[in-house]
Structure formats: C-alpha cells, structure tokens
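Asker: Sharing a structure below in structure tokens format, with a few things to ask.
The values are calculated or read from the model by the stated rules, or taken from the named source; none is laboratory data. Please read these numbers as outputs of a predicted model, since none were measured by experiment. Virtual Cβ from ideal backbone geometry, glycine too; neighbours counted across all protein chains shown.
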Amino acid sequence: MKEVLFFYIPTCSHSAQAVADIEEIKKEYPQYANIVIRKVDETLNEAFAAKFDYNYVPCMYVDGVKYIEGDCDKEKILAMFKEIAG
C-alpha cells in the first residue's frame with residue numbers, strides 16, 4: 001500500500017477537517033484502512049516542507065505527485081484513496 005505524505009498546520013481548521021475525513025473514510029471503507037498517512041507538521045519541518053511545491057494546506061503527495069492542495073473534502077480524499085489503492 002502506498003504512503004500519503006500529508007502536510008498540515010495544527011491550527012488550520014481545513015487540516016483538522018482533512019484528518020477527520022481520512023479517519024471517517026478508513027472506518028467506512030475497510031479496504032483503505034491500511035493506507036499509511038505520514039503527517040508532516042510544516043511548522044516543525046520547514047526545511048523538509050520547502051522541498052515540495054505547494055502553497056496551501058492541507059496538501060497530500062503520493063510518490064512525489066501532488067494529489068490535493070488547499071481545497072480538500074471527503075470526496076477528493078476518497079478519490080485519491082481509490083486511485084492509489086489500485
């Protein structure tokens with residue numbers, strides 16, 4: 001199963017909603033429960049985050065490809081999971 005690199009800011013309400021959506025999807029769709037979400041707090045990992053081309057959080061990459069940036073909802077996350085799970 002592929003890993004999702006998830007950039008977020010702890011005080012961002014959109015990031016918090018994305019976390020809640022991911023948890024909900026994993027409960028509703030057991031086939032996605034094993035997708036690994038590697039959360040990266042960009043406020044604590046600025047040098048690492050600077051290596052990626054994004055301006056807004058939440059932002060999600062898989063295998064170096066940006067799937068989601070900024071405008072994020074449950075449907076977009078589910079579509080990403082479906083694509084990366086094969």
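Asker: I'd like to know if the stretch 26-39 contains one or more residues that are within 13 Å of the chain's Cα centre (by Cα), farther than 16 Å from Met1 by Cα and not charged (D, E, K, R).
Answerer: No: zero hits.
Asker: For the stretch 37-63, give me each residue that is surrounded by 15 or more Cβ atoms within 10 Å (Cβ to Cβ) and small (Gly, Ala, Ser).
Answerer: Answer for the stretch 37-63, where residues must be surrounded by 15 or more Cβ atoms within 10 Å (Cβ to Cβ) and small (Gly, Ala, Ser): just Ala49.
Asker: State whether one or more residues within the stretch 7-16 are in contact with a helix residue (DSSP H, G or I) (Cβ under 7 Å, 6 or more places away or on another chain) and under 25 Å from Gly86 (Cα atoms).
Answerer: For the stretch 7-16, residues in contact with a helix residue (DSSP H, G or I) (Cβ under 7 Å, 6 or more places away or on another chain) and under 25 Å from Gly86 (Cα atoms): present.
Asker: For residues in the stretch 1-36 being surrounded by fewer than 11 Cβ atoms within 10 Å (Cβ to Cβ) and β-branched (Val, Ile, Thr), which is nearest to Lys76 (Cα to Cα)?
Answerer: Val36
Asker: Those residues that are more than 10 Å from the chain's Cα centre (by Cα) and closer than 14 Å to Lys2 by Cβ, I need them from the stretch 40-80; list them, please.
Answerer: Asp63, Gly64, Val65, listed by residue number.
Asker: If you scan the stretch 32-60, which residues turn out to be under 17 Å from Pro10 (Cα atoms) and in a strand (DSSP E or B)?
Answerer: Result: Ile37, Arg38, Lys39, Val40, Asp41, Cys59, Met60.
Asker: Please enumerate the residues belonging to the stretch 61-82 that are in a loop (DSSP other than H, G, I, E, B) and in contact with a Lys or Arg (Cβ under 7 Å, 6 or more places away or on another chain).
Answerer: The answer is Asp63, and nothing else.
Asker: Looking at the stretch 58-77, I want the residues that are of a type in the set (Phe, Trp, Tyr) and have a partner that is surrounded by 13 or more Cβ atoms within 10 Å (Cβ to Cβ) and assigned to a helix (DSSP H, G or I) with Cβ atoms under 6 Å, at least 6 apart or on another chain. Which pairs are those?
Answerer: What qualifies is Tyr67/Met80.
Asker: Taking Lys74 as the residue in question, decide whether it is of a type outside the set (Val, Ile, Thr), closer than 20 Å to Gln31 by Cβ and at pLDDT 95 or above.
Answerer: It is true that Lys74 is of a type outside the set (Val, Ile, Thr), closer than 20 Å to Gln31 by Cβ and at pLDDT 95 or above.
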